Amino acid sequence: MVVRETKNREWLFILFLLLCIFQVPLALNFGIFAYYDELIPFLIIPVMIIDLIRAKGSKWYPKKLLAIMCLLIVFWAIGWISWSRSHLMPFKNGFLDSFANLKFYISIVVSWLLFKEIDYEHLWKLLWNILRAITLILFVLTIFDEIFHIFPGEFRYGIMCIRLFFGHYTLMVAACVLMCSIFIRMYEFYKERVLPWILMQFVMLFFTMRTKAWLALLAFAVLYFYVCRKRRKISKVAWLVVILMVVVISFNQVSYYFVELGEESARYFLIVTSPVIARDFFPLGSGWATFGSGFSAEPYSPIYSMYNINYVWGLTIDRPAYISDCFWPMILAETGLFGLLTYASALLILLKGVFDLGKKNAYAFASALGALAYLIIASTSEASFTLGYASHFGIWLGIIFAESNGRIRFLPMRKTLGYDDSKRLTAHL
């Protein structure tokens, strides 16, 4: 019975990850798959109940996880208190917005609870062949599309932007980043054999022609050559080089939005208006679904008219295409300074948990950091922590924490030489 349950969880693990990669193409053809990223967080209650029953009521969760949960409950309550005070948007919009802001973290917990007791070394072997096949197919399609223009796409810098069948460039970027994170984790078992497959992912990321994709490429290159190959902390010189490259890569994008477009940029107005809203609705903001959220578009939030930005292209009632073009202005405006601080604190605790992985297994640390770093990078140009792929990244982070919660090889970041890599330990989130 135990063996059968373990097998079921292993196949569930594979299914979860495949759906994370291919949810968008499947949803474009079969509408039911559009709800996958919403379904996972809704599993939280039954999964926790089952976990408590199996533990016979004596269940304690890691301190960091409890701290994050407490902060997010406060953050969620702040949004509802401010929503009830302003009452600018319908309850349905408020509920959907509040759920979207929590689903990333809920997905981490669901995945962590589901996949704590499985044989990960066996799973990485299964996933190795599957992921290589997927990467090869997508890579070949990318090259053919770049040459023969099979799929529709725009041009940047004279190069066709590739999105294949992912519907939008940013969704293809997210899928490639997720696969990069998985390959980074597999370095422990396959060493340099992962390099060709990561390079294929890098080519696909490059040809999306998105700044965040290039920054993700840079992040994974650094993680691969420093953390995976050497298991060493990134040197100060390397950090200076990385910062310089980030400035170079980001310069055109920043100058375009804040210099060339200036006051014609939706992103500019979202950023400069959010602190004004936070000040006027101090201390708890204007409430859920009122500003910078996709749920503030239909019905159209009166906040945009109140602050005279309803004429800005991309923020208008008939074309709100860029209404959620940045994540942090939404948090600041809707939940105020207190909400921003609680959310940022939860994220910092999660980041601390990721860095703690480096004391146990460098490859788990590099994989988790790469995924989380991309969400933070993307949050400057879209509401990344509320989008569908946030649940996918949450599932992957939960898997990494679940693996580290059991028996994982003791391969920490190197501080000094001369320890036994064959040691194993029980690690906690």
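Taken together, the values in this text are just the output of simple stated rules run on the coordinates, not laboratory data. Since the structure is predicted, the reported quantities are computational estimates derived from the model, not experimental observations. Here the Cβ is made from the backbone with ideal geometry for all residues, glycine too, and neighbour counts use every protein chain on show.
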Practice task
Filter region 319-378 for residues that are among the β-branched types (Val, Ile, Thr), under 22 Å from Ile400 (Cα atoms) and either buried (at least 19 other Cβ atoms within 10 Å of the Cβ) or in contact with a Cys (Cβ under 6 Å, 6 or more places away or on another chain) (or both) and give the result.
Solution key: Val354, Ile377
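Counting only residues that are assigned to a helix (DSSP H, G or I) and either among the aromatic types (Phe, Trp, Tyr) or at positive phi (or both), how many does region 160-206 have? I'd like the intermediate steps shown before the answer.
Quick first cut of region 160-206, residues assigned to a helix (DSSP H, G or I) only: 169-206.
Going one step further and asking which of them are either among the aromatic types (Phe, Trp, Tyr) or at positive phi (or both), we end up with 169, 183, 187, 189-191, 197, 202, 206.
Within region 160-206, residues that are assigned to a helix (DSSP H, G or I) and either among the aromatic types (Phe, Trp, Tyr) or at positive phi (or both) number 9.
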Exercise for the section: Exactly one condition in (1) under 13 Å from Ala366 (Cα atoms); (2) more than 18 Å from the chain's Cα centre (by Cα); (3) among the hydrophobic types (A, V, I, L, M, F, W, C) is not met by Phe220; state its number. Expected result: (2)
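Mind telling me which of the residues Ala373, Ala321 ends up being aliphatic (A, V, I, L, M) and assigned to a helix (DSSP H, G or I)? Even if it seems obvious, please write down each step before you answer.
Working: Ala321 fails: assigned to a helix (DSSP H, G or I).
When all the criteria are applied, what remains is Ala373.
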Exercise for the section: Give me a count of the residues in region 118-167 that are within 30 Å of Tyr363 (Cα to Cα) and either free of Cβ contacts under 8 Å to residues at least 12 places away in the same chain or β-branched (Val, Ile, Thr) (or both). Expected result: 11
Completion exercise
Residues in region 355-378 that are of a type outside the set (Phe, Trp, Tyr) and closer than 20 Å to Ile40 by Cβ total 6
Problem - Count - residues of region 179-188 that are in contact with a Phe, Trp or Tyr (Cβ under 8 Å, 6 or more places away or on another chain) and either over 18 Å from Ile376 (Cβ atoms) or surrounded by fewer than 22 Cβ atoms within 10 Å (Cβ to Cβ) (or both) - result: 6
Exercise for the section: Give just the number: which of (1) part of a loop (DSSP other than H, G, I, E, B); (2) within 22 Å of the chain's Cα centre (by Cα); (3) not hydrophobic (A, V, I, L, M, F, W, C) does Glu117 not satisfy? Expected result: (2)
